[in-house]
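Data block below; observations after.
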Amino acid sequence: MKLQRQVTRVVEDKEYAKWVITIPPEQIESLGWKEGEELESRLGKNSLIIKKASLKNKDSGKMTYEEFKNAILNLLRTEPQGLSWMEIKKRLNLPQKVPNNLWVKMMERDIGLVRHLNHKTSKTIWRVESTV
């Protein structure tokens, strides 16, 4: 198992990073976890405990992947020039600060989501291919 720091972007002199834990596949299989499932974490004494999200949290009004994907797709179809995440978040009244990385990758495959960096604004612009 390995803890990795990944720089997500650099704006002027500031680096933005996220932390990723690589878990061996046999442990994921043993736990019965599947790609895209919601997980929750809590801190113990010098430890991080990660488990599958409880049913209580799943019923708290969070969007499913299908709901998220369809909302993004419908919005981006009306904006062929694309939108930044902050614009999408505001227009759809989404609660999360950042999008779920796994869901973003899945949308790239499922709906043809394309993201590109606008070098003038340092914003990542989301759009869908017109063939979707």
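Please treat every number below as a calculation from the coordinates, not as lab data. Since the structure is predicted, the reported quantities are computational estimates derived from the model, not experimental observations. Here Cβ is always computed from backbone atoms with ideal geometry, including for glycine, and neighbour counts include all displayed protein chains.
List of remarks:
- Rounded to whole Hz, the Karplus (6.51, -1.76, 1.60) HN-Hα couplings of segment 110-122, x for glycine and proline: 7, 10, x, 4, 10, 10, 9, 7, 8, 5, 6, 9, 6
- At full extension, Val7 and Met86 could sit 26.5 nm farther apart than now, given 0.36 nm per residue minus the alpha carbon distance.
- At R0 = 35 Å, FRET efficiency that the Cβ-Cβ distance of Thr78 and Ile49 yields, to 0.05: 0.25
- Normalising the average separation of contacting C-alpha pairs (under 8 angstrom, six or more residues apart) by the number of residues puts the relative contact order of the chain at 16 percent.
- Counted by neighbouring Cβ atoms within 10 Å, the residues Met1, Met63 run from fewest to most as Met1, Met63.
- On Cα atoms only, tilt of 65-77 relative to the major axis of the chain in degrees: 20
- Cα gyration tensor shape of segment 49-118, rounded if a/c is under 1.5, else prolate or oblate by comparing a/b with b/c: prolate
- Asp110, Asp13 arranged by Cβ crowding within 10 Å, fewest neighbours leading: Asp13, Asp110
- DSSP beta bridges in segment 2-58 [antiparallel fraction, %, rounded to 5]: 100
- Look at (i) -0.43, -0.68, -0.87; (ii) -0.61, -0.94, -1.14; (iii) -0.48, -0.71, -0.86: the one that is log10 I(q)/I(0) by the Debye sum over Cα atoms at q = 0.12, 0.15, 0.17 Å⁻¹ derived from this structure is (ii).
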